[in-house]
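Encoded as structure tokens, the structure appears first; notes follow it.
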Amino acid sequence: MTTYRSFYPPVRTLMGPGPSDIDPRVLAAMSRPTIGHLDPEFITMMDQVKSMLKTVLKTENELTLPVSAPGSAGMEACFVNLIEPGDKVIVCQNGVFGGRMKENVERFGGTAIMVQDDWGQPVDPNKVEAAFAEHPDAKILAFVHAETSTGVRSDAKALCQIAQKHNALTIVDAVTSMGGIELDVDGWGIDALYSGTQKCLSCPPGISPVTFSEKAVDVVKGRKTIVPSWFLDKNLVMGYWGGGGKRAYHHTAPVNALYALHEGLVMLLDEGLENTWQRHELHHKALKAGLEAMGMEFLVDEEYRLPQLNSVKVPEGVDEAAVRSALLQNYSLEIGAGLGALAGKVWRIGLMGASCNRRNVMLCLDALENTIRAQGVELGRGAAEAAAKVYEG
Ligand SMILES: *Cc1c(COP(=O)(O)O)cnc(C)c1O
């Protein structure tokens, strides 16, 4: 008979595409006593979470709240509330997550008009213009701001402007961008956006912040058909998360996970939004200097590179999977593999949230250099010095 014992995970350094490292303060917040999800003290905390989310997203949207499920549920919340059967949605795909948007559109009875760009390239605004010219009746434009599968940043502001010109709503995937690079919901005119806690917000996975503009809320309220998901129906969730002090039971909020998000947001705002973006930029530059000293190349052109997700090409002659398992085995360090067409060709090195620090950058450079050399592949020298030079300015 098996005797089950407590599970003690190894202590890892998480430098993949998420989850990322979690600050001890956040983990400590999570282990505080559970209270009722309608307890007045809890509701005060919920109001603070909503208000901090608004600050981080730069929005006044009343409908800003954390969905009690991971980023994929936030994605679904946006699509299921805004799409009715027969709606046309222009979906931009330049990696894994645009493909999921298409599936969402089709499952809710919409028609997805695909705008395709190569993996590793940003969404091309000219192609989006052309799609609107061909489909002036498109109701929504959907795109991924920060494509985690490739490490590309698309120009969210420009894409939103195109949608506005054509009276279309926008759905924006900001799972990896929120807290890592500039994001301005109201300034850019984003109508519906979803994110995730485990990327740049330094929190455990399982919660998805979302926000809906007034225009998007009007569309949800004016639906001819009922929202086909009970759990994600924003009309119902608002009874619990809405203001006015008359909270009604909808579902049991993940109380302790929300303590974690609260703490993560407190820490982010303590640091300052702009400072957080700058920190991601600085450590990306140091990592880049080190990798380039070794002779490694980035997948993405500098102009579109995400500081928080670095896709680097696997050097000739290197067994990429063996490197990743050696990093895990010998350094307890996790980096990400390539997905889809990029499988076996790139590593994805995350510098997200609490993972984005000098110690991690230096560890990763040292571990990669030693591990690749051990495979008998020659590399350029001086990675650590090159990175240190960036820090010393
Ligand atoms: C991680 C991620 C998601 C999905 O989030 P989950 O929390 O894994 O469901 C969606 N979009 C992007 C861009 C992501 O990086």
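Those helices (runs of 4 or more DSSP H) of segment 240-342 in which at least 3 residues are among the hydrophobic types (A, V, I, L, M, F, W, C) and farther than 18 Å from Gln375 by Cβ, considering only elements entirely within it, cover 255-271, 273-293.
Applying a threshold of 8 Å to beta carbon distances and a minimum spacing of six or more residues, or different chains, the list of pairs starting in segment 196-208 at a residue that is on the phi > 0 side of the Ramachandran plot and ending at one that is among the β-branched types (Val, Ile, Thr) and more than 7 Å from the ligand (Cβ to nearest atom) reads Ser202/Ile22; Ser202/Val26; Gly206/Thr197.
For the condition more than 16 Å from the ligand (Cβ to nearest atom), within 16 Å of Ala146 (Cα to Cα), open to solvent by 10 Å² or more (accessible area, probe 1.4 Å) and modelled with pLDDT of 95 or more, Pro136 does not qualify.
Restricted to segment 192-214, and to residues there that are more than 10 Å from Thr59 (Cα to Cα) and open to solvent by 10 Å² or more (accessible area, probe 1.4 Å), the residue that is farthest from the ligand (Cβ to nearest atom) is Glu214.
Of these, Gly71, Gly98, which one is under 23 Å from Ile181 (Cβ atoms), within 16 Å of the ligand (Cβ to nearest atom) and in contact with a Gly (Cβ under 8 Å, 6 or more places away or on another chain)? The unique qualifying residue is Gly71. What about Gln121, is it more than 22 Å from Gly86 (Cβ to Cβ) and more than 16 Å from the ligand (Cβ to nearest atom)? So Gln121 fails the test. Which residue is surrounded by the most Cβ atoms within 10 Å (Cβ to Cβ), if the candidates are limited to segment 74-95 and must be within 16 Å of the ligand (Cβ to nearest atom) and assigned to a loop (DSSP other than H, G, I, E, B)? Per the stated criteria, the residue is Gly95.
For segment 29-46, what are the residues that are assigned to a helix (DSSP H, G or I) and without any contact (Cβ under 8 Å) to a residue 12 or more places away in the chain?
Pro40, Glu41, Thr44
Inclusion of Glu182 among residues that are under 17 Å from Thr55 (Cα atoms), surrounded by fewer than 20 Cβ atoms within 10 Å (Cβ to Cβ) and in the same structural domain as Thr44 (by TED's automatic domain parsing) is warranted. Scan segment 232-242 for residues that are at pLDDT 85 or above and touching a His at 6+ places or on another chain (Cβ under 7 Å) and the total you get is 2.
The values are calculated or read from the model by the stated rules, or taken from the named source; none is laboratory data. Just so it is clear, the structure is predicted and the values come from calculations on it, not from any experiment. Note that each Cβ is placed from the backbone with ideal geometry, even for glycine, and that neighbours are counted across all protein chains shown. Note: accessible area is taken over every heavy atom of the protein model, side chains too, but ligands, DNA and RNA are not part of it. Shrake-Rupley method; radii C 1.70, N 1.55, O 1.52, S 1.80 Å.
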